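The values are calculated or read from the model by the stated rules, or taken from the named source; none is laboratory data. The shown structure was predicted, so the numbers you read here are calculated from the model rather than taken from an experiment. Note that we place each Cβ from the backbone using ideal geometry, even for glycine, and neighbour counts take in every protein chain shown. When the accessible area is computed, the model is the full protein with side chains, heavy atoms only, and any ligands, DNA or RNA have been set aside. Shrake-Rupley method; radii C 1.70, N 1.55, O 1.52, S 1.80 Å.
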Amino acid sequence: MTAATDETPLWQPGPDRVAAAAVTRFQNWAAGRYGAPAEGGYPALHRWSVEELDTFWKAVADWFDVRFSTPYESVMGDRTMPGAQWFPGATLNYAEHALRAAEDPSRADAPALLHVDETHTQAAVSWSELRRRVGSLAAELRALGVRPGDRVSAYLPNIPQAVIAFLATAAVGGVWTSCAPDFGARSVLDRFQQVEPVVLFAVDGYRYGGKEYDRADTVAELRRELPTLRAVVHIPLLGTEAPDGALEWSALTAADTEPVFEPVPFDHPLWVLYSSGTTGLPKAIVQSQGGILLEHFKQIGLHCDLGPEDRFFWYTSTGWMMWNFLVSGLLTGTTLVLYDGSPGFPDVSAQWRVAEQTGATLFGTSASYVMACRKAGIHPGRDLDLSRIQCVATTGSPLPPDGFRWLHDEVGDDLWIASVSGGTDVCSCFAGAVPTLPVHIGELQAPCLGTDLQSWDPAGKPLVGEVGELVVTAPMPSMPIHFWNDPDGSRYHDSYFDMYPGVWRHGDWITITERGSVLIHGRSDSTLNRQGVRMGSSDIYEAVERLPEIRESLVIGIEEPDGGYWMPLFVHLTEGAVLDDDLRDSIKRTIRENLSPRHVPDEVIEVPGIPHTLTGKRIEVPVKRLLQGTALAKAVNPGSVDNLELLHFFEDLARRRH
């Protein structure tokens, strides 16, 4: 089990950096106005933020100068989860805040968006141009009859047009929902058909890995299968003509129109995000304009420490919540870096070159990308000018200790490394980046402000220094207001509140250490439980994938009808590697010596690849169900998997075993 044993931090912010951090300035300001603790640094501020939840969020709204079109009656109405009421009586508009920097004449010509494609051609959109295009498109949406609450959908890559379309939707009070163009028609329809959009923004195709992918047939199928559409807007990324009946993007964004921002209630829907949907239809998760506005101001302005001088890069697609999070960088006047392309084309250094080219100050990526860079033996800090990067943040899965060491050694020794963990469910982080705290190898720095994060045993007793369930015991503004098509709230309740009534259970195993940092051990619903000893799958991956022969791995623990327990480890090998007895012995020895003799796999089995969700997470629970004999059609939603062919291997293995 990964443990917090090394007391020496890998990185420690200097006194100047601590003093300059927005979270320090916020604490000093809130101490004078709201009774926040003046001493004790971040731990004292966090304690206050959860003990005085109403006061904390009122302070956040004031600090970031949230513009309420009508004032709120109280910070919180009903505090019960699910269903907590935030800022009842208030109205506001998210898009108004996202475009606020354009009101400053000194910023009007500064870049709001920097777009980079695989050719490393860079295009900038200034703040004034962004505001103008949003104003033009918002007026056109209103002319098309889009009203507050109507859903607007997008089948777009990570390009400026996606940001503009989202902000125009929010400006009119519409509800945004998006999928990346590498999603097939069935995957998109599984999502969009649930919410019945009235407008679809779509590209004719996209470029990835040096190739062009035509999407005209897919868009035609979406148009046929979404009967609620009143308009389709064609964005010619590959230069094709608009199909019959579609509107041209350029015509809708050409006018010089001042944006009109519809004041909507605080809890008015902003967007619909989707769970990975590995079993059954994806959950359609609805979050509010006000809840996201406050949560993202806090997260981006205080935790990520981003402001007008920063450039914010995160490798993402429009099908993942990190795109929505990235766009919220506009709230703090930060320039967004939008990269549209493969993370490893033409080689594994691609993302680092984007950071060098754009002067990114916060570099966001996945833990798997960091580990791929380490395995490839590249030296980005030596070979590129990455001097502007202040922070490298990772998510998607826990960053292994070797990933921390590699970033420190190969990117910069004065580098703030923020492994963060949260979820689509809240479109935010439960724990992660704190600019004023030290970084310890393998650990998330601390729970986030206003987040009463705890680790609980099955009886609901808080644990310190032991593995337990990740729970949040007080409401967060960005928790879903509801799921779409869940009229009695039963699906929402069963997703998070079935184990501990009134307390959010996320489904991860975590440890909160004595010093207040956090370790993530993987999903609690795919836990390895051998002879009563529980272990998260991520601990196994971190150990096994250090071996140079292992590209990626997947471990499954299966309770058998006779009371036995079968634990196979599936490995995808690097090119040229062979799974012989020596490598099998090496894998088992690595797990025995680094983790636990009880978690040495019963078998090590080579696979042609590891299946993932469309957002890049390893598929553990559906594979477990397949191996237990569940039919493929019932074990997994085919549209949620990046490579369905890989699952046939596990299906065949189950058939042979049974």
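Which loop trypsin sites (Lys or Arg not before Pro) in segment 34-127, with loop taken from DSSP, have no more than 15 other Cβ atoms within 10 angstrom of their Cβ?
Details: sites: Arg47, Lys58, Arg67, Arg79, Arg100, Arg107; in loops: Arg67, Arg79, Arg107.
Sites meeting the loop and neighbour criteria: Arg67, Arg79.
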Point to revise | Sequence-distant residues sharing a close amide H with Asp508 (under 5 Å, placed H) | key: Leu470, Ser524
Exercise for review: Find the centroid of the Cα atoms in segment 427-488 and in segment 128-169, then give the distance between the two in whole Å.
Suggested key: 33
Revision key, fill the gap. The distance between the Cα centres of segment 588-627 and segment 241-310, in whole Å, is 36
Review point. Using 7 Å Cα-to-Cβ label points, what is the Arg67/Arg515 separation (nm, one decimal)?
Key: 4.4
Check your understanding: Tyr565's amide H: which non-local residues (gap 5+, or another chain) put their own amide H closer than 5 Å, with H modeled 1.01 Å from N in plane and none for Pro or chain starts?
Key -> Glu560
Point to revise | Dipole in debye (nearest 20) - segment 332-480, about Cα centre, beta carbon charges: Lys, Arg +1; Asp, Glu -1 | key: 120
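Give the relative contact order (percent, whole number) for segment 403-497; include only Cα pairs under 8 Å separated by 6+ residues.
18
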Revision key, fill the gap. Per the 1/(1 + (r/R0)^6) rule, R0 = 45 Å and r from the Cβ atoms of Glu51 and Ser586, FRET efficiency to 0.05 is 0.35
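Out of segment 7-87, which GluC sites (Glu not before Pro) are coil in DSSP terms and have no more than 11 other C-beta atoms within 10 Å? Intermediate values should be presented prior to the final figure.
Numbers: sites: Glu7, Glu39, Glu51, Glu52, Glu73; in loops: Glu7, Glu39, Glu52, Glu73.
For GluC sites (Glu not before Pro) across segment 7-87 that sit outside H, G, I, E and B with at most 11 neighbouring Cβ atoms in 10 Å, the list reads Glu7, Glu39, Glu73.
Run lengths n ≥ 4 of DSSP H only: what is the helix-derived mean residue ellipticity at 222 nm for the chain, with -39500 (n - 2.57) per run over all residues, to the nearest 500?
Working: 22 runs with 201 residues, N = 658.
Computed mean residue ellipticity for the chain: -8500 deg cm²/dmol.
Cross-link list Lys588/Lys624; Lys375/Lys624; Lys211/Lys617: which exceed 31 angstrom alpha carbon to alpha carbon?
Working: Lys588/Lys624 21 Å; Lys375/Lys624 28 Å; Lys211/Lys617 24 Å.
Violating the 31 Å limit, Cα to Cα: no pairs.
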Review point. How many nm is it between the label spots at Phe345 and Ala124, if each spot is 7 Å from the Cα in line with the beta carbon?
Key: 2.7
Practice item. List every residue whose amide H lies under 5 Å from the amide H of Gln287, counting only residues 5 or more places away in sequence or on a different chain, with H placed 1.01 Å from N in the peptide plane. Key: Leu270, Trp271, Leu273, Ile481
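Using a ≥ b ≥ c from the Cα gyration tensor of segment 1-151 (square roots of the eigenvalues), is it rounded, prolate or oblate, where a/c under 1.5 gives rounded and otherwise the larger of a/b and b/c decides, a/b for prolate? Please report the intermediate quantities before stating the final value.
Working: a/c = 1.96, a/b = 1.29, b/c = 1.52.
Oblate is the answer for segment 1-151, as a/c is 1.5 or above yet b/c matches or exceeds a/b.
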Practice item. Could you calculate the contour length gain from Leu644 to Glu258, that is, 0.36 nm times the residue separation minus the distance between their Cα atoms, to one decimal place in nm? Key: 134.3 nm
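So how do Leu238, Leu453 rank on accessible area, 1.4 Å probe, biggest first, that is with the largest at the start?
Values: Leu238 40, Leu453 15 Å².
My answer, sorted largest first, is Leu238, Leu453.
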Review point. Hey, what do the phi angles of segment 197-210 turn into as Karplus ³J(HN,Hα) couplings, whole Hz, using 6.51/-1.76/1.60 and θ = phi - 60°, x for Gly and Pro?
Key: x, 9, 9, 10, 8, 9, 8, 7, x, 8, 10, 7, x, x
Check your understanding: Relative contact order for segment 91-162 using alpha-carbon pairs under 8 Å, separation at least 6, rounded to a whole percent?
Key -> 24
Practice item. Compute the length gained on full extension between Glu603 and Arg405: take 0.36 nm times their separation in residues and subtract their Cα-Cα distance, giving the result in nm to one decimal. Key: 68.2 nm
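Over the chain, what is the mean sequence separation of C-alpha contacts under 8 Å (at least six apart), divided by residue count, expressed as relative contact order in percent?
Numbers: 1393 pairs, mean separation 85.4, N = 658.
Reported relative contact order: 13 percent.
Mind running the shape call on segment 1-88? Use the C-alpha gyration tensor, a ≥ b ≥ c as the square roots of the eigenvalues: rounded below 1.5 for a/c, prolate if a/b tops b/c, oblate otherwise. It would help to have the intermediate numbers written out before the result.
Details: a/c = 2.69, a/b = 1.59, b/c = 1.69.
The shape class here is oblate.
Which GluC sites (Glu not before Pro) in segment 212-302 sit in a loop by DSSP (not H, G, I, E or B) and have at most 12 other Cβ atoms within 10 Å of their own Cβ? Don't skip to the answer; put the middle values down first.
Working: sites: Glu212, Glu221, Glu225, Glu241, Glu248, Glu295; in loops: Glu241.
Passing both the DSSP loop test and the Cβ count: Glu241.
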**Study point:** In sequence order, calculated HN-Hα J values of segment 351-360 (Karplus, 6.51, -1.76, 1.60; Hz; x Gly/Pro)
**Key:** 5, 5, 5, 4, 4, 4, 5, 9, x, 4
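Give, in nm to one decimal, the length gained when the segment between Glu241 and Glu39 is fully stretched (0.36 nm per residue of separation minus the Cα-Cα distance). Don't skip to the end; give the middle numbers.
Working: separation 202, 0.36 × 202 = 72.72 nm, distance 6.25 nm.
Once the chain is fully extended between Glu241 and Glu39, it gains 66.5 nm.
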Exercise for review: Pop the C-beta distance of Arg79 and Tyr565 into the FRET formula with R0 = 51 Å and round what comes out to the nearest 0.05.
Suggested key: 0.75
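Compute the Cα gyration tensor for segment 286-362, then decide on rounded, prolate or oblate, letting a ≥ b ≥ c be the square roots of its eigenvalues: rounded whenever a/c is under 1.5, prolate when a/b is larger than b/c in the other cases, and oblate in all that remain.
Details: a/c = 3.07, a/b = 1.56, b/c = 1.97.
Oblate.
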**Study point:** Entry for Cα Rg over 2.2 N^0.38 Å (calculated from the structure that is shown) out of (1) 1.07; (2) 0.93; (3) 1.02
**Key:** (2)
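Of all the C-alpha pairs in segment 79-221, what % are more than 17 Å from each other?
Working: 6861 of 10153 pairs.
That tail contains 68 percent of the Cα-Cα pairs.
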**Study point:** Calculated from backbone phi, Karplus (6.51, -1.76, 1.60) coupling profile of segment 63-80 in Hz, x at Gly/Pro
**Key:** 4, 8, 6, 5, 8, 8, 5, 10, x, 8, 7, 7, 5, 10, x, 6, 9, 5
